[in-house]
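One structure below.
The numbers here are math on the coordinates, done by the rules we state, and not lab data. These numbers come from a predicted model, not from an experiment. Because the Cβ atoms are built from the backbone with ideal geometry, glycine has one as well, and the counts that use them run over all protein chains shown.
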Amino acid sequence: MDRVAHRRADRTARERGLSAVARPRIVQDEGQAGFYWSTSTGAPISLTDLIAVDDEPERLLPTHLAALDDALIIATGQLGELLGGGRRPGPDEHRILRDLHRALDRLCHEYAAAVAATAGQVDVRAGQIIGTATLVSILAREPIGLLGPAPLEGSLDDPTVGVVGGFGDLVVADPERPWTGARWVVRTTDGRRLPATLSMLLHDSSGVNKDAAVDEHRAAMRATIAAADLPQADQLAAACALDWMLYDFLNAHRDGPDSGAIDLHNRVEDAALVVAASDASVRCRAVYDPSLTALPA
């Protein structure tokens with residue numbers, strides 16, 4: 001943020017009742033999911049508002065990412081069995097998973113909003129940390145029933161045991177409603193449409209043009225993000241589509257079969273796409289749940 005822009009943001013902040021923050025800090029109490037920023041008086045403040053009044057805003061985004069990375073290490077260490085599907089959550093664990101996904105969604109949204117406010121660039125590390133946080137959020141929502149249907153769910157054929165002959169096809173769910181996203185399917189030689197994933201095409205299939213498949217998936221994600229902002233878009237349907245398409249993309253970029261860490265292979269464009277898709281999902285869901293992006297009380 002240049003000096004002129006910072007003065008303008010500072011004036012806006014003062015008009016909103018904010019004052020310059022001498023020593024902002026990150027608050028993460030024991031047992032708390034994620035973290036939040038606070039002013040020198042201890043009041044919670046969003047990263048975007050903090051940037052508007054801080055004297056060194058360029059230092060805040062890297063600090064936010066580092067704290068988010070630490071929060072992910074703590075969460076996956078404590079809840080790995082639940083997040084990995086090793087067992088189903090008990091009643092008390094429903095609340096823990098809900099708190100975790102809400103904290104991660106808010107922190108991802110704050111980062112994306114702060115990047116937009118500063119006209120900053122998303123680097124690969126940021127995309128990988130936000131991608132991992134989004135993946136963990138999705139894994140936290142699934143066992144407590146907070147994930148909606150994937151594109152084309154209920155309209156595909158059931159897969160059979162054994163090797164299947166056919167070709168991969170990224171199918172748009174509804175061309176008249178582009179916010180409903182797209183999904184990979186295998187069109188078999190006998191005319192069936194079987195569910196597929198980008199990871200399956202890249203790692204478990206032969207004869208696939210892998211670069212073209214990833215390019216097609218990227219383009220479909222961008223189209224769905226753009227469609228989610230249309231006035232007529234169904235925000236809930238858009239969120240479901242974005243969650244599935246991003247989950248599929250992130251799974252295909254995990255740095256190992258048993259790891260939740262994301263490896264974007266030094267592609268800055270993919271980092272920006274992951275951050276944009278993650279934020280679009282949060283914004284769509286916040287239409288129905290405004291407190292999703294709210295700071296802790």
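The long axis of helix 60-83 is offset from the longest Cα principal axis of the chain by roughly 50 degrees.
Each Lys and Arg Cβ is given +1 and each Asp and Glu Cβ -1; about its Cα centre, the chain then shows a dipole of about 580 debye. Test of understanding: extend the Cα→C-beta vector of Leu230 to 7 Å, then name every residue of the range 171-185 with backbone N under 13 Å from that spot. Taking a point 7 Å out along Cα→Cβ of Leu230, the residues of the range 171-185 whose backbone N falls under 13 Å are 173-182. Is any residue of the range 202-233 close enough, with backbone N under 19 Å, to a label point placed 7 angstrom from the Cα of Glu153 along the Cα-Cβ axis, and if so, which? The answer is 221, 224-225, 228. Exposure proxy for Ser291, Ser281, Ser205: other Cβ atoms within 10 Å of each Cβ, ordered fewest to most, give Ser291, Ser205, Ser281. In the chain, the longest principal axis of the Cα atoms and the axis of helix 3-15 are about 80 degrees apart.
Projecting label points 7 angstrom from Cα along Cα→Cβ for Ile73 and Ser40 puts them 3.0 nm apart.
Counting beta carbons within 10 Å around each of Arg87, Arg267, Arg183, Arg141 and listing the fewest first gives the order Arg87, Arg267, Arg141, Arg183.
With the chain treated as a Gaussian network of Cα nodes joined by springs under 10 Å, which of Ala286, Ala75, Ala43 yields the largest mean-square fluctuation? Comparing Ala286, Ala75, Ala43 in the GNM, the peak value goes to Ala43. Considering only Trp179, Gly84, Gly260, and ranking their Cα positions along the charge dipole of the chain that arises from unit charges at the beta-carbon of Lys, Arg, Asp and Glu, the one farthest toward the positive end is Trp179. The angle between the Cα long axis of helix 235-251 and the longest principal axis of the Cα atoms of the chain comes to about 80 degrees, rounded to the nearest 10.
Among Leu47, Leu79, Leu139, which comes first, then next, by fewest other beta-carbon atoms within 10 Å?
On the way: Leu47 26, Leu79 19, Leu139 22.
Starting with the residue having the fewest Cβ neighbours, the order is Leu79, Leu139, Leu47.
If I model a spin label at Asp123 and Ser206 as a point 7 Å from the Cα along the Cα→Cβ vector, what separation in nanometres do I get? Each label point is offset 7 Å from its Cα along the Cβ direction, giving 4.3 nm. Checking every one of the chymotrypsin sites (Phe, Trp or Tyr not before Pro) in the range 174-262 against DSSP loop status and a limit of 13 other Cβ atoms within 10 Å picks out no site at all. Largest GNM mean-square fluctuation across His217, His94, His253, computed for the chain with C-alpha springs under 10 Å, falls on His94. For Val171, the residues whose amide H sits under 5 Å from its own are Arg183, Trp184, Val185, ignoring neighbours fewer than 5 places away on the same chain, with H placed 1.01 Å from N.
Connecting C-alpha atoms closer than 10 Å in a GNM of the chain, tell me which of Arg193, Arg59, Arg106 has the biggest fluctuation. Comparing Arg193, Arg59, Arg106 in a Gaussian network model of the chain, the most mobile one is Arg59. Using the Karplus relation 6.51 cos²θ - 1.76 cosθ + 1.60 with θ = phi - 60°, the per-residue 3J(HN,Hα) values for the range 190-201 come to 9, x, 7, 10, 9, x, 9, 9, 4, 4, 4, 5 Hz, with x marking Gly and Pro.
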